[in-house]
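One structure is given here, and the rest of the page talks about it.
The values are calculated or read from the model by the stated rules, or taken from the named source; none is laboratory data. Not measured: the values here are computed from a predicted model. Neighbour counts are summed over all protein chains in view; Cβ atoms, including those assigned to glycine, are modelled from backbone coordinates with ideal geometry.
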Amino acid sequence: MTLESLLLAGKGKSLTSFFSLSYLLVVLPFSVGLYAITPKKWKKYSLLFLSYLFFWLISGSLIVYLFITTLSIHYLAIWIDRLNGQQKLAAAGLGKDERKIVKQEFLTKKRMIVFLGVVIHIGMILVLKYSAFFTTNINTIFKTFGIGITLQIPKYLMPIGISFFTMQALSYIIDVYRGVIKADDNLGRLALFISFFPQIVEGPICRYSQTADQLWNAKQITYKNLSYGAQRILYGALKKYVVADRLNLLVKNVFDQKQEYSGPIVAFAAICYTIQLYMDFSGSMDAVTGTAQIFGITMPENFARPFFSKTISEFWQRWHISLGAWFRDYIFYPVTTSKRMKKITSASRKKIGNHYGPLLAGSVALFCVWFSNGLWHGSAWSYIFFGMYHFVLILTGNMMGPIVKKFNAKFHINPQSAIYKGLQIFRTVILVIIGELFFRAKGLKAGLKLFKKMVTDFSLPDLSKLELGIDKYDLIIVAVVLAIILFVSILNEKGICVRDSLSKKPTAVRWLVFYGLILLIIVCGAYGFGYKPVDPIYAKF
Amino acid sequence: MKSFFKHALRILIFSLILFIILFVLSGIMTPKSNNKDDGMYDELANGVLSEPENTLDVLFIGDSEVYSGIMPIKLWKYHGITSYDCSTSGQQLAYSLEFLHNTLISQSPKLVIMETNAFYRKLSFDDSIIYKAGMILPVFKYHDRWKHLHLNDFNINAEIEYNYNDTNKGYKFVGKANPADDSKYMTASKNVKEITSRNKSYIKDIKKFCDQNDTELVFLSTPSTKNWNYEKHNGVQELADELGVKFIDMNTFADDLEIDWSKDTYDQGDHMNYYGATKVTNYLGDYFEELGIFTSHKDDKKYSSWDESTKKFYEMLARHLDPKDYED
């Protein structure tokens, strides 16, 4: 018997779903229990222990990557901090010009350290996640040009959550370099910030300033946090069990089977997949936020009613917020504010005006963001296409802004009217659904084929002969739950916290709501003995 | 501390009310017959519940290897022994135990023969919890029935009617052949494939339950090139020795059974087809005769329905096969 099998390393893959019973009935109660009985000053260590235990269970020996990330980022950041101290000493008593030279010298050194950090971490991801994709494409090029070389396609085991914890780690070191935060000399605090167990599988991608101190200054568990956290997890379970997993069969049948479906069915499946993805991912985020709340930690929200967005640009500020913010802060801004881009912007401002002038540099940055965004989701051309699709949509939106404004003014169209806003939302939703069709399809070719079907084949199928794995009862229950979620979303959009409002209601009303939600999940949820649960979609990224 | 108890009491009352609601819902969701139309899962296997009280000599439990490989009607026709295939596709051991519990309420078989393929089927933690929850509160098992509830389902005190019976006694006929590659089949090995501790625990529960009901448990592995190997044989043999259970591994003497892998399987060695099942069933019939613990019920009028089932079984064979393939 190996040490691994003794310690259950990597045996807890089902824990990647926060709605698995092993998580809800074992890991979560154990974690809460251990945390609750640990004396206050040791609570932070119990959280750190639980986080590493969790990662050990889901990733086994691949935990070594988490160690590499944590240790390297910790020491590189301290190195930058020391250079800052040395810079101050070196510059003390010097004249302005000499200070400038010293500053430049140290800046170069610090840049080299950040570069080293980026190379280590992005390199690790490139090798583990993308080497097979790159090698396959190189082989295709060789074949196309008749070069008789075939490279062996490498296969590596990738730890779950690497895309998420690496981005957190990089944001930390870049923020230290920028002087936004100071390097943390406490390895434990940094390790907990990177590894906190609810967030390591699917995010959100937190900043050091958002969660590190909260986690380290661990609080007592309160009844309010316990109850609010449990309610949030329950809400997520409703999304996952009753909507996302129930729609999965239909989505799988249309997207994964060889059978061809007519356009209306493809369109319906694309709508269902968009709903499934939102319910799956935002449901998981509810579980993450709820779990964190039980420990008294406020996680940043990753979704803000994205389907109320009026433009694609706005959609990405409301969908997977932490990823968008990461790309904005660590790719978009550095590109647009680079010296070369600033020059281009100021030159083009003079030639093509204040709106279109900055667009050139902005578009280059936008391209980098969306290329990275596509590739971040997976090593396939369909993901790159997905990124480029949104790049083109946002770019078009930026270009068309003044034209639409003029058009509206000329034809006396009020952009503030409810109908106008409703149409904007409708248009955005349609564009998002088309993007998700490519995102879900098994490869770019399959995506294009499905898209062609959707826009050219309008034949209505014989519904009585269709076997999509879903019946009218499933659709009714999905519609009912979506109506509940829409109602909650409208209240949230108006700034009303539903849990706060509910807590002010009489016990009977509150309990009625909770029993209703629990029974909806138990009776109408997609689960059962021998049922293979659907893996959380974002855990594979 | 006062507020702690207040909150704990609140959680307790909340849970208690939830339990009562789920209990009532369980009464509603539980199928009111063993008929598929009334929501019963695995109708063929659950057909065993409609067999008249204490009329079964042998009970076969296990996964698809059982319903593909063992024909109770032939055991009746040639030996006068009554048996039933309580088998379901991908059967988990927890489910095997449930079948045993449900069946032994009204039956007292002398032998329970358990196919061993399921011994190596992993049972996830989630599945084992859902299974146990379903045993206590059937709403967890039959929750999907919300789509097809009838008015009488709301009568939670209604007796469950066991009115569905399968004339093939759980056996599923497949006549086609799809040859298997048996070049690596049962290569000798001393290695042992471990049975998971969770599965071992279920097998021990099954053994204990059989002992309590004065029923002998026998392990059986029907021929399969795809599912079986010597490592698994060794693993089951070890457990059989530990529990004092007889283990018949047909894979170790498939040649003696004259299994022809080019003709006797319908899915490249995974399962027996009708021809393979005939050989397996013939062997079992001879084995039961050798045991000498069964008396033929052929002349007992109480078992006349078995002759009717036999007639229907052979009519079914006649629709699919040449007479030379099924006539004596």
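Could you grab me the full set of residues in region A:447-477 that are aliphatic (A, V, I, L, M), outside any loop (DSSP other than H, G, I, E, B), more than 14 Å from every other protein chain (Cβ to nearest Cβ) and without any contact (Cβ under 8 Å) to a residue 40 or more places away in the chain?
A:LEU448
Pairs under 6 Å by beta carbon, first residue farther than 7 Å from B:ILE81 by Cβ in region B:283-296, partner of a type in the set (Ser, Thr, Tyr), six or more apart or different chains?
B:GLY285/B:TYR78
Select from region B:12-40 the residues that are surrounded by 13 or more Cβ atoms within 10 Å (Cβ to Cβ) and either charged (D, E, K, R) or without any contact (Cβ under 8 Å) to a residue 40 or more places away in the chain (or both) and list them in ascending order.
Hits for region B:12-40 are B:PHE14, B:LEU18, B:ILE21, B:LYS32, B:LYS36, B:ASP38.
More than 13 Å from every other protein chain (Cβ to nearest Cβ) and of a type outside the set (A, V, I, L, M, F, W, C): is that true of B:GLY90 in this structure?
no
Among the residues of region B:107-130, how many are among the aromatic types (Phe, Trp, Tyr) and facing chain A (nearest Cβ under 8 Å)?
Count: 1.
Only one residue in B:SER89, B:SER108 is touching a helix residue (DSSP H, G or I) at 6+ places or on another chain (Cβ under 9 Å), touching a residue at least 24 places away in the same chain (Cβ under 8 Å) and surrounded by fewer than 18 Cβ atoms within 10 Å (Cβ to Cβ). Which one?
Within the list B:SER89, B:SER108, the selection yields B:SER89.
Looking at A:ARG349, A:ARG305, A:ARG318, which is the one that is surrounded by fewer than 20 Cβ atoms within 10 Å (Cβ to Cβ), touching an Asp or Glu at 6+ places or on another chain (Cβ under 6 Å) and more than 17 Å from A:GLN210 (Cβ to Cβ)?
On inspection, the qualifying residue turns out to be A:ARG305.
Sort out which residues of region A:18-34 are in contact with a helix residue (DSSP H, G or I) (Cβ under 7 Å, 6 or more places away or on another chain) and either among the basic types (Lys, Arg) or part of a helix (DSSP H, G or I) (or both), and write them in order of number.
A:LEU21, A:SER22, A:TYR23, A:LEU25, A:VAL27, A:LEU28, A:SER31, A:VAL32, A:LEU34
Would you check which residues across region A:87-121 are free of Cβ contacts under 8 Å to residues at least 60 places away in the same chain and closer than 24 Å to A:ARG189 by Cβ and list them?
A:LEU116, A:GLY117, A:VAL118, A:ILE120, A:HIS121
Considering every residue within region B:70-83, establish whether at least one is more than 12 Å from chain A (Cβ to nearest Cβ), exposed (fewer than 15 other Cβ atoms within 10 Å of the Cβ) and part of a helix (DSSP H, G or I).
Within region B:70-83, none of the residues are more than 12 Å from chain A (Cβ to nearest Cβ), exposed (fewer than 15 other Cβ atoms within 10 Å of the Cβ) and part of a helix (DSSP H, G or I).
Within region A:69-96, count every residue that is assigned to a helix (DSSP H, G or I), of a type in the set (A, V, I, L, M) and surrounded by fewer than 13 Cβ atoms within 10 Å (Cβ to Cβ).
1
Within region A:177-190, is even one residue in contact with a helix residue (DSSP H, G or I) (Cβ under 6 Å, 6 or more places away or on another chain), modelled with pLDDT of 85 or more, in the same structural domain as A:PRO204 (by TED's automatic domain parsing) and of a type in the set (Asp, Glu)?
Looking for residues that are in contact with a helix residue (DSSP H, G or I) (Cβ under 6 Å, 6 or more places away or on another chain), modelled with pLDDT of 85 or more, in the same structural domain as A:PRO204 (by TED's automatic domain parsing) and of a type in the set (Asp, Glu), one finds at least one in region A:177-190, hence yes.
Does B:ILE195 satisfy being part of a loop (DSSP other than H, G, I, E, B), farther than 30 Å from B:THR281 by Cα and of a type outside the set (S, T, N, Q)?
Here the answer is no, as B:ILE195 does not meet what is asked.
Can you find a residue that is assigned to a loop (DSSP other than H, G, I, E, B), within 14 Å of chain A (Cβ to nearest Cβ), touching a Lys or Arg at 6+ places or on another chain (Cβ under 6 Å) and touching a residue at least 60 places away in the same chain (Cβ under 8 Å) anywhere in region B:141-158?
No, region B:141-158 has no match at all.
Where in region A:257-335 are there helices (runs of 4 or more DSSP H), lying wholly inside it, with at least 3 residues that are of a type in the set (Asp, Glu) and within 23 Å of A:ALA244 (Cα to Cα)?
none
So B:ASP241 ticks every box in (1) without any contact (Cβ under 8 Å) to a residue 24 or more places away in the chain; (2) on the phi > 0 side of the Ramachandran plot but one. Which box is left unticked?
Only one criterion is unmet by B:ASP241, namely (2).
Given the residues B:THR265, B:THR225, which is the only one that is buried (at least 21 other Cβ atoms within 10 Å of the Cβ), out of contact with any helix residue (DSSP H, G or I) (no Cβ under 8 Å at 6 or more places or on another chain) and closer than 18 Å to B:LYS176 by Cα?
Residue meeting the stated conditions: B:THR225.
Filter region B:162-174 for residues that are loosely packed, with under 15 Cβ neighbours inside 10 Å and at pLDDT 90 or above and give the result.
Those that are loosely packed, with under 15 Cβ neighbours inside 10 Å and at pLDDT 90 or above: none in region B:162-174.
Checking the conditions here, which among B:ALA180, B:ALA133 is within 14 Å of another protein chain (Cβ to nearest Cβ) and of a type in the set (Gly, Ala, Ser)?
None of the others qualify; the one that does is B:ALA133.
What do you reckon, is B:LYS263 farther than 19 Å from B:PHE119 by Cβ and not aromatic (Phe, Trp, Tyr)?
yes
How many of the residues making up region A:491-541 are within 14 Å of chain B (Cβ to nearest Cβ), over 26 Å from the mean Cα position of the chain (by Cα) and assigned to a helix (DSSP H, G or I)?
Number of matching residues: 18.
Residues in region A:73-88: is at least one assigned by TED's automatic domain parsing to the domain that holds A:ASP175, among the hydroxyl-bearing types (Ser, Thr, Tyr) and within 30 Å of the chain's Cα centre (by Cα)?
Checking region A:73-88: at least one residue is assigned by TED's automatic domain parsing to the domain that holds A:ASP175, among the hydroxyl-bearing types (Ser, Thr, Tyr) and within 30 Å of the chain's Cα centre (by Cα).
B:MET40 passes all but one of (1) among the aliphatic types (A, V, I, L, M); (2) over 24 Å from B:LYS246 (Cα atoms); (3) in a helix (DSSP H, G or I); (4) more than 14 Å from chain A (Cβ to nearest Cβ); which number fails?
Result: B:MET40 passes all but (3).
Checking B:ASN102 against (1) more than 10 Å from every other protein chain (Cβ to nearest Cβ); (2) surrounded by 23 or more Cβ atoms within 10 Å (Cβ to Cβ), only one condition comes out false. Which one?
In the conditions (1) more than 10 Å from every other protein chain (Cβ to nearest Cβ); (2) surrounded by 23 or more Cβ atoms within 10 Å (Cβ to Cβ), B:ASN102 misses (2) alone.
Please enumerate the residues belonging to region B:244-261 that are among the aromatic types (Phe, Trp, Tyr) and in contact (Cβ under 8 Å) with a residue 60 or more places away in the chain.
B:PHE247, B:TRP261, listed by residue number.
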